[in-house]
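Right, one structure below, let's go through it.
The values are calculated or read from the model by the stated rules, or taken from the named source; none is laboratory data. On a predicted model such as this, the values are computed, not experimentally measured, just so you know. Using ideal geometry, Cβ is built from the backbone for each residue, glycine included, and neighbour counts are taken over all protein chains shown. SASA here: full protein model, heavy atoms, side chains in, ligands and nucleic acids out. Shrake-Rupley method; radii C 1.70, N 1.55, O 1.52, S 1.80 Å.
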Amino acid sequence: MIPIKLPKEQKDEMIEELQNFFYDERGEEIGTIAAERLLDHMMHQFAPYIYNQAVRDAKAAVNEKLSQIEEELYALERPINRR
């Protein structure tokens with residue numbers, strides 16, 4: 001799988017969220033480097049699961065829309081009168 005590249009602003013925000021989580025949940029302060037290493041590890045380990053689920057969700061949404069379009073197209077068909 002292609003590694004996910006995050007914009008610096010997003011990665012910095014995620015690092016800050018990890019630091020806040022550790023402080024709020026565990027009463028521990030972790031530095032920026034530790035939080036960045038943890039984020040990199042989590043992205044490497046868990047991103048494929050999240051990505052694959054997102055692909056499955058997108059596939060289901062597309063299939064649902066295609067089914068709706070198919071039904072709408074079927075409704076547009078006109079009967080053929082045979083004599």
Qualifying residue in the stretch 8-20 (condition: in contact with an Asp or Glu (Cβ under 6 Å, 6 or more places away or on another chain) and at negative phi): yes
Condition met for N52 (among the polar types (S, T, N, Q) and open to solvent by 100 Å² or more (accessible area, probe 1.4 Å)): no
Residue, nearest to the chain's Cα centre (by Cα), within the stretch 1-45, restricted to residues that are open to solvent by 100 Å² or more (accessible area, probe 1.4 Å) and of a type in the set (F, W, Y): F21
Scan of the stretch 20-57 for residues that are in contact with a helix residue (DSSP H, G or I) (Cβ under 9 Å, 6 or more places away or on another chain) and of a type in the set (V, I, T), ordered by number: I30, T32
